[in-house]
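Below: one structure, written as structure tokens.
The values are calculated or read from the model by the stated rules, or taken from the named source; none is laboratory data. None of these values were measured; they are calculated from a predicted model. We place every Cβ from the backbone using ideal geometry, glycine too, and count neighbours over all the protein chains shown. Remember, those area values only see protein heavy atoms, side chains included, never the ligands or the DNA or RNA. Shrake-Rupley method; radii C 1.70, N 1.55, O 1.52, S 1.80 Å.
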Amino acid sequence: MAALKKDVETISMVDTFKDFTDTKNIDRTTLVSVLEESFRNVIAKIFGSDENFDVIVNPDKGDFEIYRNRMVVANGEVADENKEIALADAQKIEADYEIGEEVSERVDFAKFGRRAILNLRQTLASKILELEHDSLYNKYKDRVGQVISGEVYQVWKREVLLVDDENNELILPKSEQIPADQYHKGETVRAVIHRVDNENNNPKIILSRTSPEFLKRLLEAEVPEINDGLITIKRVARMPGERAKIAVESYDERIDPVGACVGVKGSRVHGIVRELCNENIDVINYTANTKLFIQRALSPAKVSSIAIDEENHKAEVYLKPEEVSLAIGRGGLNIKLASMLTEYTIDVYREVDENEVDEDIYLDEFSDEIDQWVIDAIKSIGLDTAKAVLNAPREMLVEKADLEEETVEHVINVLKAEFEN
């Protein structure tokens, strides 16, 4: 029974060692050092000191050896059994040992018992986990902004778990997924490395498919002129899965940056559009001229005039009535992207015909037909008169004045009726 128990412990010891020598992502020198340190920690707990022990770790063969070195002293004069051995006991090992010599004796770690083996497993597990975390963090900490491919391992409601080619876990949160994205276990997904968290030495690799950086990297991969340094991407604005605007600039007058990025018949952006769930991509020429840049950003609308407030980063854009809806875009998408791209708050106004000389009326005059709180909300966004409201886009009244569409409709009908009368 005792022999069986010893065999079980020996097998457990071998398994313990193999479990950790097979660990990936840790270089051999570091692994040997960690294994040796773990053995020494356990030895020190058992004997009070490990300084007279030699630990030889051989991960290539999957084994290890431990030797205890003790000084031979006269019989009956052993003061420290860990570091000294009586002459009679030494001569049982080898008959020619003499006092003063050092005895090196191999130690069977399994004889230390199950508690020692369990202690070793826990120590190794803790150190190896720490090393794996360090390895993962070091692998990804300087790769933020790079595109990576991962295999979908698990799909949850709030995030998707992917694994890289070394089975490291990558996290794609719901907030970083394109709304139309659908994921299935085993398929390959591309995303940009958004950030690397390392709270309590527990690294988490966070990916993103909604980041402007993802679109930027995809475009760089498709356009050789960008990698060659002939074209640079100056700004990117995205409404993921719907539409994006990119501002590019060429350092070579012979190269049309917009044409180079789009490609013949859109050949260079087709693949990107498919990758981004049919996200519409507009490419425009960048310029340091703020007015011209805002004008280009509002494309396809044609701007009549622009008033810039550089201090507050605001722009008032005036357009012909038929151009207003183009500037705003479906659901206000075009003007939102233009604001994101130019980093200016853009207000759109219908251009007033100079031949129109109708008298304007202050909003407060309509307090008997329009609730005062509605009037105050409209005035808070800088519209004080009836004509100013009628010339402003409805989307602007809904979003900036925070009014319901029905309320805006009522206000416009009241004001129109006044001028018709």
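Key figures
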| read-out | value |
| --- | --- |
| Ranked by how many other beta carbons lie within 10 Å on average, peptides 30-36, 371-377 from highest | 30-36, 371-377 |
| Over region 171-213: Rg over Rh, Cα atoms, Kirkwood Rh | 1.01 |
| Pairwise centroid distance, computed over Cα atoms, of region 369-421 with region 229-303, Å | 35 |
| Ranked order, Lys336, Lys302, Lys204 - accessible area, probe 1.4 Å, largest first | Lys302, Lys204, Lys336 |
| Listed values (1) 1.74; (2) 1.69; (3) 2.01, entry calculated as Cα Rg over 2.2 N^0.38 Å | (2) |
| Rg ratio (alpha-carbon, reference 2.2 N^0.38 Å) - region 104-143 | 1.80 |
| Convex hull volume of region 286-421 per residue (C-alpha atoms, cubic angstrom) | 115 |
| Charge dipole of region 290-421 about the Cα centre (unit charges at C-beta), most positive-ward option of Ile412, Ala297, Phe366 | Ala297 |
| Two-decimal Rg/Rh across region 91-228, once Rg and the Kirkwood Rh are taken from alpha-carbon atoms | 1.33 |
| Value in Å of the Kirkwood radius, where region 59-119 supplies the Cα pairs that are averaged | 13.1 |
| Probe 1.4 Å, accessible area per residue of the chain, Å² | 57 |
| Region 239-350: Cα Rg divided by the 2.2 N^0.38 Å rule of thumb | 1.10 |
| Sequence-distant residues sharing a close amide H with Ser299 (under 5 Å, placed H) | none |
| Full-extension gain in nm, Glu406 to Ala221, via 0.36 nm per residue minus C-alpha separation | 61.9 nm |
| Quotient of Cα Rg and 2.2 N^0.38 Å for region 205-251, N being how many residues it contains | 1.20 |
| Rounded to the nearest 20 debye, dipole of the chain from Cβ charges on Lys, Arg, Asp, Glu | 1580 |
